[in-house]
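See below for the structure under consideration.
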Amino acid sequence: MKTKLVLFDIDQTILHSGGAGEKALTLAVRDRLGPKANLGNVEIPGKTDVWIAHRILEAHGIEPTGEEVELLLNRYLHHLEATLASTSGRLLPGFPELLHALACLPDVAIGLLTGNLRRGAELKLGYYGVLDHFAFGAYADDSHDRNRLGQFAQKRAREAHGTEFQPADIFVIGDTPHDIACGKAIHARSVGVATGRYSRAELEAAGADFVFDDMSDVQDVIRTLGLARA
């Protein structure tokens, strides 16, 4: 029986796409808004794709209706597969070894809690060969608000495993303060990993319950989080 749930962010946590996502988004913006259009100063790390699309459209003076957002994100997905193949990305330290190790723990379930669209998550994880580890998750398709995604992940974990995971046994792993806040929104344990643009100190200041420089020491991660049976 699964009693512990580990939910992973994707970008800068599991993998670094080499800028494929931002490149695909820039191409999508130019498709929709003209050759000189750009992402401007819109915040991207830790935000959902839907939230980002809203802000980009607003920055260009366009009302972010459901139709406009969908058109922009469809163009993003159209370009993403090609940009993944044309950029130099990589899995981050500890992957896929950590995913394999967690899969061997009989009481641990793993899933996604990501600001990516579901299709975008599938493309990224599939390209880097780790998609099969994730049977469920929560995505930008569920809500533009990152802090609401945890409840969708909980629901799908319950449906997948027939278990009501307790907040103290849920671990949300990500590289930004937004991931830390997302975990706290469902009273889960927030785990920061300093493989993105935020330092260990910044993740600690955001209230992370645990912080790792990276996930390279797989057994230390499992032991520190208390995921292995004594």
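Kirkwood Rh over Cα pairs of region 163-225 into Stokes-Einstein at 25 °C, 0.890 mPa s: D in µm²/s? Working shown, then result.
Values: Rh = 11.6 Å.
D, rounded to a whole number, is 211 µm²/s.
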Quick check: Cα centre of region 140-185 to Cα centre of region 8-32, how many Å? 22
In degrees from 0 to 90, rounded to the nearest 10, what is the angle of the helix 20-33 Cα long axis to the longest principal axis of the chain? 30
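Can you tell me the equivalent ellipsoid semi-axes for the chain? Use √(5λ) from the Cα gyration tensor, largest first, whole Å.
Details: eigenvalues 183, 63, 54 Å².
So the equivalent ellipsoid measures 30, 18, 16 Å along its semi-axes.
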For n ≥ 4 DSSP H runs only, could you compute -39500 (n - 2.57) per run for the chain, divide by its residues and tell me the 222 nm figure to the nearest 500? -13000 deg cm²/dmol
Percent antiparallel among DSSP beta bridges with both residues in the chain, to the nearest 5? 10
Got a sec? How would T83, T176, T26 order by Cβ neighbour count within 10 Å, fewest to most? T26, T83, T176
Ranking T114, T65 by Cβ neighbours within 10 Å, fewest first, what do you get? T65, T114
For the chain, built as a Gaussian network whose Cα springs stay under 10 Å, the top-fluctuating residue of P96, P106, P45: P106
Over all distinct Cα pairs, what is the inverse of the mean 1/r for region 20-86, reported as the Kirkwood hydrodynamic radius in Å? 11.7
Give me K4, K47, K155 sorted ascending by neighbouring Cβ count inside 10 Å, so fewest comes first. K155, K47, K4
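So, R0 is 22 Å and r is the distance between the beta-carbons of E97 and D209; what FRET efficiency does that work out to, to 0.05? Can you show the working numbers first?
Details: r = 23 Å, r/R0 = 1.03.
Calculated value: 0.45.
Bear in mind that the values in this text are calculations on the coordinates, not laboratory data. Computed from a predicted structure; not experimentally measured. All Cβ positions, even for glycine, are placed from backbone atoms using ideal geometry, and neighbour counts span all protein chains on display.
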